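The structure appears right after this line, and notes come after that.
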Amino acid sequence: MSDTPVLSVRDLTVEIPTRGAVLRPVDAMSYDIAAGEILGVVGESGAGKSMTGNAVIGLLDPPAHIAGGEVLLNGRRIDDLSLRQIRRVRGAEIGMVFQDPLTSLNPLIPIGEQLVETMITHLDISQAEARKRAVAALDEVGIPGASERIDSYPHEFSGGMRQRVVIALALCAEPSLVIADEPTTALDVSVQAQIIALLRRLCRERGTAVMLITHDMGVIAETADRVAVMYAGRLAELGPVREVLSRPRHPYTEGLMGSTPAASAGRPRLHQIPGAMPRLGHLPPGCPFHPRCPRAQADCTRDPGPTLAACDGRAACWHPVNVTDAEVSR
Amino acid sequence: MNALVTVRNLTRRFDVSKPWLNRVLERLPKRKLTAVSDVSFEIASGTTYALVGESGSGKSTIGKMLVGLLEPSGGAVEIGGVNLATERDAERIERVRGDIQMIFQDPYASLNPRWKVRDIIVEPLAARGARTRGVAERLLEQVGLSVDDAGKFPHEFSGGQRQRICIARALASEPRLIVCDEPTSALDVSVQAQVLNLMSDLKDEYGLTYLFISHDLTVVTHMADLVGVLYLGRLVEEAAPETLNARPAHPYTQMLLDAAPKLDGFGREVDPPQGEIPDPINPPEGCVFHPRCPLAVERCRTERPELRAVGPARVACHRAEEAIAQFERRT
């Protein structure tokens, strides 16, 4: 493994100009993903999780655009590439898995043909070789009878099987990064477990870096190595998954964990975070979480708000929770 | 405890045949999909009964039959001693109908966008010609919204707020039973927590009875007094949530529990469940779970297991004792 992270995002900012104001769905995010690592990106709707993923692969819908910062893939800048250049990166170097497998597959083309097309576009191989590899790829993602089913159409598969096809499609050109945006949200729990296990196994075997975007804390806990918690377009907390989830430092992370019902419950009431996430056009000054935060103090309302770099590098909060005295003096 | 709802041998079949002409030309037989098959349970007054299952398990179909949106193909639903499908006494029907309300999954689809919130909330009363003055305002406060919201339209609210409006509407006719079909599945966790807490509070305050339908085992264990696990239209296990978590007796329940992601399951490696839910048009013979069951024996392939008492639970499995023993060895 080299020292250069597969994906390195520096101060990435996405802006949407509107008539009244400029909205920032992603505000100065920085993070790295190393080879073979799974970074979980978690947050509630409107936190900007999908927007971050789309910004990395250049799939922002205008008028949304990257307004600042840079995206480095294996040390090479990809955020300023032209449309033609970025299309070569997508699929070849970055694979994508989206929530709804039906919309990521062409319903009119057999799945085998879609795999072959992707491989021929991005890899220097013959038609016959590509077809052989397509069967192997389908076999690897656990589709029974791959050689017979390769000429089936997407509608002939169940939801879980379709998502396996999408994963095969995302991985067939051997990308170094996979962006999985809510890959299991549309699936049943038992199928979800199968898909997550598959994604984890394939990435470990190939050393692929994964950005797993989801709202499900349980999936993050079981799958990710590190987790990035997003709130109102900003990074609220970033760290190793075990530490962030079991001893969260940002009050928002703590609130999220408390409001997730646990299987081993017995607790009569769930923790409630008061209020709702602010709309992008109406962000409060300073820390965007302060109107809902139980620990908010006067300095939380002052601009510039807390960032990871300005704080302890893990939680963007002036008054973090679960910090021992030893850590404070450091 | 007296039962408010009694469901006996409830069955629902849907006709999924091709159109008549195609059947004649292609010589195809009629095809029936059994969405719910021989399900029996009772809901005691003032408790929460949860139905949990994956897609196609028939949980929503049961909910719809309970409120009378669908007619059973077999079996019966009695609410407060009245079977709405067969009852002929108009007065009793009227009384029981007012006792039942429903909350749906998608708060965007279940509110009329052209109606003001006030009219939406009082509709269950207005439909019966009852007095509606001030009711909407009182209910809005009850569910944590403000009195001024009564004059607004649904699009001015977020998903969580809309679900509160749906709850207010469900409360308007002062029901005894509310059927909640995935009430928080479309909501974020922090909003889900608010809505679940609100539902618990209202239950205590009004002595409500809930039928809580969900695919999420953790939400169900949090809310329910009794949980029924459905698989392919059959009730496979029924137990209190504590029992279900500590000693799941049906291999399918065990599989569901294993597959559910755990908040403290860092780097947990589990063998993912094998296989998929079979085609409900041609379900397997005998126990419908046998093709995926690690404990299946010859008997499971031929004889459909009846629901029977195993410890504090009711389980439809020939090998429940072995399943419990194996689960306890594993944990």
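The values are calculated or read from the model by the stated rules, or taken from the named source; none is laboratory data. What you are looking at is a predicted structure, and each value in this text was computed from that prediction instead of being measured. With ideal geometry, Cβ positions are generated from the backbone for all residues, glycine too; neighbour counts draw on all protein chains shown.
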Evaluation of residue B:175 against (1) in a helix (DSSP H, G or I); (2) away from chain A (no Cβ under 14 Å); (3) within 22 Å of residue B:5 (Cβ to Cβ) (one fails), failing number: (1)
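For the range B:64-75, state whether one or more residues are surrounded by 21 or more Cβ atoms within 10 Å (Cβ to Cβ) and among the polar types (S, T, N, Q).
No, because not a single residue in the range B:64-75 is surrounded by 21 or more Cβ atoms within 10 Å (Cβ to Cβ) and among the polar types (S, T, N, Q).
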Residue match in the range B:247-263 (condition: surrounded by fewer than 22 Cβ atoms within 10 Å (Cβ to Cβ), within 12 Å of chain A (Cβ to nearest Cβ), closer than 23 Å to residue B:196 by Cα and free of Cβ contacts under 8 Å to residues at least 40 places away in the same chain): yes
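Taking the condition touching a His at 6+ places or on another chain (Cβ under 9 Å), among the small types (Gly, Ala, Ser) and more than 24 Å from residue B:128 (Cβ to Cβ), does residue B:185 pass?
For residue B:185, the condition - touching a His at 6+ places or on another chain (Cβ under 9 Å), among the small types (Gly, Ala, Ser) and more than 24 Å from residue B:128 (Cβ to Cβ) - is met.
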Residue check for residue B:58: buried (at least 19 other Cβ atoms within 10 Å of the Cβ) and out of contact with any helix residue (DSSP H, G or I) (no Cβ under 6 Å at 6 or more places or on another chain): yes
Single residue of the range B:231-246 satisfying the filter (crowded, with 24+ Cβ neighbours inside 10 Å and within 12 Å of another protein chain (Cβ to nearest Cβ)) that is farthest from residue B:324 (Cα to Cα): B:231
Residue that is farthest from residue A:192 (Cα to Cα) [pool: residues in the range A:96-146 that are exposed (fewer than 15 other Cβ atoms within 10 Å of the Cβ) and of a type in the set (Ser, Thr, Tyr)]: A:126
Residue check, residue B:61 out of contact with any Cys (no Cβ under 8 Å at 6 or more places or on another chain), part of a helix (DSSP H, G or I) and either within 26 Å of residue B:93 (Cα to Cα) or in contact (Cβ under 8 Å) with a residue 12 or more places away in the chain (or both): yes
Options B:163, B:142: the member that is more than 23 Å from residue B:96 (Cβ to Cβ) and buried (at least 22 other Cβ atoms within 10 Å of the Cβ): B:163
Search result, residues across the range B:165-200 that are over 13 Å from residue B:212 (Cα atoms), in contact with a strand residue (DSSP E or B) (Cβ under 9 Å, 6 or more places away or on another chain) and aliphatic (A, V, I, L, M): B:167, B:170, B:171, B:172
Scan of the range B:172-194 for residues that are at pLDDT below 90 and among the β-branched types (Val, Ile, Thr), ordered by number: B:184, B:189, B:191
Residue in the range B:185-230 that is farthest from the chain's Cα centre (by Cα), counting only those that are among the polar types (S, T, N, Q), more than 10 Å from chain A (Cβ to nearest Cβ) and closer than 17 Å to residue B:53 by Cα: B:185
Qualifying positions in the range B:6-37 - within 18 Å of the chain's Cα centre (by Cα) and among the basic types (Lys, Arg): B:8, B:12, B:13
Answer from B:309, B:296 - the residue that is among the hydrophobic types (A, V, I, L, M, F, W, C), in a loop (DSSP other than H, G, I, E, B) and free of Cβ contacts under 8 Å to residues at least 24 places away in the same chain: B:296
Any hit, the range A:180-194, residues being at positive phi and over 20 Å from the mean Cα position of the chain (by Cα): no
Filtered residue count, the range A:64-91, keeping only those that are of a type in the set (S, T, N, Q) and either within 25 Å of residue A:24 (Cα to Cα) or buried (at least 18 other Cβ atoms within 10 Å of the Cβ) (or both): 1
Output for the range B:1-46, where each listed residue is crowded, with 16+ Cβ neighbours inside 10 Å, among the charged types (D, E, K, R) and not in a strand (DSSP E or B): none
Residues of the range B:264-302 satisfying the condition of being closer than 25 Å to residue A:145 by Cβ, aliphatic (A, V, I, L, M) and surrounded by fewer than 14 Cβ atoms within 10 Å (Cβ to Cβ): B:281
The listed residue being of a type outside the set (Val, Ile, Thr) and assigned to a helix (DSSP H, G or I), out of B:129, B:160: B:160
